[in-house]
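Everything on this sheet refers to the single structure shown next.
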Protein chains: 2
Amino acid sequence: MNTIIRHISLILLGFAFASGPAPNAWAQSDPLPSWNEGAVKKAVTDFVASVTTQGSPDFVPVDQRIATFDNDGTLWCELPMYVQLAFMLDRVKALAPQYPDWKTKQPFQAVLADDMKALAASGEKGLMELMAATHAGMTSDEFAKIVSDWLATARHPRFNRPYTELVYQPMLELLAYLRANGFKTFIVSGGGIEFMRPWTERIFGVPPEQVVGSSIKTKFEMRDGKPVLFRLPQVNFIDDKAGKPIGINEHIGRRPIAAFGNSDGDLEMLQWTTLGASGARFGLIVHHTDAEREYAYDRHSHFGKLDVALDAAAVNKWTVVDMKKDWKRVFAFE
Amino acid sequence: MNTIIRHISLILLGFAFASGPAPNAWAQSDPLPSWNEGAVKKAVTDFVASVTTQGSPDFVPVDQRIATFDNDGTLWCELPMYVQLAFMLDRVKALAPQYPDWKTKQPFQAVLADDMKALAASGEKGLMELMAATHAGMTSDEFAKIVSDWLATARHPRFNRPYTELVYQPMLELLAYLRANGFKTFIVSGGGIEFMRPWTERIFGVPPEQVVGSSIKTKFEMRDGKPVLFRLPQVNFIDDKAGKPIGINEHIGRRPIAAFGNSDGDLEMLQWTTLGASGARFGLIVHHTDAEREYAYDRHSHFGKLDVALDAAAVNKWTVVDMKKDWKRVFAFE
């Protein structure tokens, strides 16, 4: 996959002369081999054809081909818990020796005892305390290294693989396919923007400047003549639900023409993308229906709840991926 | 200029086969014709050569070639006042018939009477009231149209031309030159992000998603089944001074390797870009020294004050453009 992404990047950067295959080489083979033939795959390729065909009434110039992707549950696995939550719990355990009082102090005690019930009881206030203890109090460069080091060793409890291997192969193909068709692909996630940026380029081909996410406040300081950004224990922005169109407007500054999500947290992003603007628009929801190869969940899930947005999909003619039926492969390692 | 930008864009987008000249055609002619020969021009071209030459110890891969530009006073004229301030004052006058009480209510009264002394006396509180009255209370789409309509008719008081013609020709060439060398160019301005985005792509070749600026808060709403972002009278972010590295980190997520400014508001951006990180870095300050063709101002100016950053330039070996000496032309219309 990395080779394909690199080749496409080279073409887009205009080095096609020197080292890449000619663009039409791509048109001849199936760009979405992990998608089963059917209405969903056809909806994707029909949309892309309609906005990229010169002379088509729905043609969209390259610079306006903006596509936004949710991350958790849309590009990678979000069960049995959000990856960033797993990171946070592991981080509490790693830091615990420095803070002996955590053994008897909630919500830390709950984390150290793997007591998820007590953790849940600590509510949003508890979560914010954990966030402050694990995500703040270091520079942005230091945090990036902490995240990278953790991802290098952490393993998914069910699949026993690095979390960065639990990315959906059909979605990787979709990202590359859109980019090969002149789209600029963005991640727009409720997850932490600085939690994602250290690895999104390598895993998804999405560079840091095309990642939108939740953030905490930072402070600029000179330390021994060197500038740093120090991470503060204060929420700056929550990029979820109605925050997603706000984050999109703040970071991208124009409306996407295609948006991809999987939960109620993506409802407003899909609305902002598809409703009330002229021209062709595409909204897609990944419905997790495959307990065997991944997980099956929707209206009653603690993570990635898909309820209102599933009803809205029917009303607004958003494409719904039935993971079990529409995806030939879920993960590359299958 | 627009033709050059379009050609370069096409090359970068990989359509060089079909319509653009071969990349090396550009290498043969001077990419910076409005810059006089000398140490400053040489510093620019030497830096670009060092980071783009394969095998050079300072070589930087394309995806890391991030360059950030201040706007007011760096890319376009900021005297006799910031363009956005001129917009705000004009907007108060345009709205005044709807608000009869403004005739006797500060700070509006001061604006309507062109009483700059009374306006200054209203301080930051007065400015915030004007900002709320002129920049909030409409959707983001509506605001973009208000800005575009104003720019189409407003004229600079001295040059009697649209503000969008008062952009520095040498800087337009520099933006295009950097992009032709694989740089991604960003604007990082204290000005309003939504004030700039309607025109930066057309004037500077910088698309909305590469504009970072100050912002007010917005609210997502569905109105008659259509989603809008409504602009609220609350400051969200001030992208000036220490805010610039914070804005850069938030929007771009990696350190620029080159930064261009003209005032003390750019000091921290230049520090963040050039100090304490490994590899070649380039900082440049435009020093306004040409009262005849533009304006001459620095340490004591009300707009674009250049004092601390001018001293820092000497210490940190940032390149300082002497506008009078280093620029063959200031504006394209000369």
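The values are calculated or read from the model by the stated rules, or taken from the named source; none is laboratory data. Not measured: the values here are computed from a predicted model. Note: ideal-geometry Cβ built from the backbone for every residue, glycine included; neighbour counts use all protein chains shown.
Annotations for the structure displayed:
- In segment B:130-146, the residues that are out of contact with any strand residue (DSSP E or B) (no Cβ under 9 Å at 6 or more places or on another chain) and not basic (Lys, Arg): B:LEU130, B:THR134, B:ALA144, B:ILE146
- Within segment A:173-242, strands (runs of 3 or more DSSP E) holding 2 or more residues that are more than 12 Å from the chain's Cα centre (by Cα), within 8 Å of chain B (Cβ to nearest Cβ) and farther than 30 Å from A:THR53 by Cβ: A:211-223, A:226-237
- Listed by first and then second residue, the pairs with beta-carbon distance under 8 Å, at least 6 apart or on different chains, first residue in segment A:41-53 and in contact (Cβ under 8 Å) with a residue 24 or more places away in the chain, second of a type in the set (Lys, Arg), are A:VAL51/A:ARG65; A:THR52/A:ARG65.
- Residues that are touching a Phe, Trp or Tyr at 6+ places or on another chain (Cβ under 9 Å) and of a type in the set (D, E, K, R) within segment A:98-149 comprise A:ASP101, A:LYS105, A:GLU129, listed in sequence order.
- Number of residues in segment B:252-284 that are in contact with a Leu (Cβ under 7 Å, 6 or more places away or on another chain) and away from chain A (no Cβ under 14 Å): the value is 5.
- Residue, farthest from A:VAL83 (Cα to Cα), within segment A:197-211, restricted to residues that are in contact with a Phe, Trp or Tyr (Cβ under 9 Å, 6 or more places away or on another chain) and buried (at least 23 other Cβ atoms within 10 Å of the Cβ): A:GLN210
- Scope segment B:212-227; condition surrounded by 19 or more Cβ atoms within 10 Å (Cβ to Cβ) and more than 21 Å from B:LEU151 (Cβ to Cβ); matching residues: B:THR218, B:PHE220, B:PRO227
- Number of positions in segment B:282-316 that are basic (Lys, Arg) and touching a residue at least 12 places away in the same chain (Cβ under 8 Å): 2
- Members of segment B:238-248 that are more than 20 Å from B:ALA133 (Cβ to Cβ) and either among the basic types (Lys, Arg) or surrounded by fewer than 23 Cβ atoms within 10 Å (Cβ to Cβ) (or both): B:ASP240, B:LYS241, B:ALA242, B:GLY243, B:LYS244
- Segments classed as helices (runs of 4 or more DSSP H), wholly inside segment A:15-109, with at least 2 members that are touching a helix residue (DSSP H, G or I) at 6+ places or on another chain (Cβ under 8 Å), more than 14 Å from every other protein chain (Cβ to nearest Cβ) and modelled with pLDDT of 95 or more: A:39-52, A:83-95
- Within segment A:127-172, tally of residues that are modelled with pLDDT of 95 or more, in a helix (DSSP H, G or I) and of a type outside the set (Phe, Trp, Tyr): 25
- Taking segment B:257-334 as the region of interest, the helices (runs of 4 or more DSSP H) fully inside it that hold 3 or more residues being farther than 22 Å from A:GLY225 by Cβ are B:323-326.
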